[in-house]
Amino acid sequence: VESLRTEFAAGKGREPTLEEMDRLVSGWLQNEVMYREAKRLGLDQGDEMFRNRLVLKIRDAIFNSVVVPEPTEDDLRAWFDRHRSDYDKPRRFDIQQFLPKLDVDADPAVASQQLAERLGESDADEFRMLLRRYNGRPEGNLRELFGDGFTEKLLAAPLNRWVAAESTSGWRIARVTAAGEAQAADFDMARAQVLIDWRADAGRRAVGAEIDRIRSNFTVLLDLKLPAADAT
């Protein structure tokens, strides 16, 4: 009743009258009766939306109930040491890419290499409008763009040397025009982010432990019917 009254007052900016309060309670009671009858009839079974809403509600309740203690300085430094690569700044590269237009009958490897040589001789003047530029990209991003094989050939070449090779999306010609240096992370500089990450991980582990505790209240039976192995 207090919850209904408070919600009404927040929405209307005034207290409900006795008649309004009676309607609020009556409406809540009808909804509660229908909810419990639906549960009794098993109408929630097979309803993924209903199931997911309940899962989210209990998960939120668990998240709000767990208490994560404040880490010590040693905790943070240990976390930083275990995840140092997440805070190091990787090398970054400026890349220029040219997408060759190859004849249907042309050998893509030969044609791409010839175009790469022409680009090197002209310093791309005649192709300048067709270049795509990717500045300040870490190696991982280049591997996502081009694939491992192309990226390794590209980064192994001298600066400004055009490389023709097959990428994950076809033949490409590209070159590295600038390469920065990797920077090792400093704990004091990264401490604020380390604290955020430590708390997030501690929270996830605490929630996982609470879910395991709840699961211990149940007996889980798994009956996995796997398809028979092919005798041949």
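Across the chain, the mean sequence separation of Cα contacts (distance under 8 Å, 6 or more residues apart), normalised by length, yields a relative contact order of 23 percent. For the chain, leaving out every one of the trypsin sites (Lys or Arg not before Pro) that falls in a DSSP loop and has at most 11 other Cβ atoms within 10 Å, the longest unbroken run is 102-224.
Averaged per residue, the chain has 74 square angstrom of accessible surface, using a 1.4 angstrom probe with ligands and nucleic acids left out.
So, R0 is 41 Å and r is the distance between the beta-carbons of Asp212 and Arg23; what FRET efficiency does that work out to, to 0.05? Given R0 = 41 Å and the Cβ-Cβ separation, E is 0.35. Near Asn160, the amide H atoms lying under 5 Å from its own belong to Val176, Thr177; only residues 5 or more places off or on other chains count, and H is placed 1.01 Å from N.
In plain terms, the C-alpha convex hull of the chain casts an average shadow of 28.3 nm² when viewed from every direction. Membrane-span-like helices of the chain, defined as complete DSSP H segments with a Cα extent of 24 Å or more along the helix axis and a mean Kyte hydropathy of at least -0.5, are identified as 48-65, 187-215. Dividing the convex hull volume of the alpha-carbon atoms in the stretch 141-198 by its residue count gives 108 Å³ per residue. When a 1.4 Å probe is rolled over the protein heavy atoms, the share of accessible surface on the stretch 147-214 that falls to carbon and sulfur comes to 51 percent. Calculated mean residue ellipticity, 222 nm, the chain: -17500 deg cm²/dmol, from DSSP H runs (n ≥ 4) at -39500 (n - 2.57) each, averaged per residue and rounded to 500. Summing +1 for each Lys or Arg and -1 for each Asp or Glu among the other residues whose beta-carbon sits under 10 angstrom from that of Ala38 gives 0.
The values are calculated or read from the model by the stated rules, or taken from the named source; none is laboratory data. Please read these numbers as outputs of a predicted model, since none were measured by experiment. We place every Cβ from the backbone using ideal geometry, glycine too, and count neighbours over all the protein chains shown. For accessibility, only protein heavy atoms count, side chains too; no ligands or nucleic acids. Shrake-Rupley method; radii C 1.70, N 1.55, O 1.52, S 1.80 Å.
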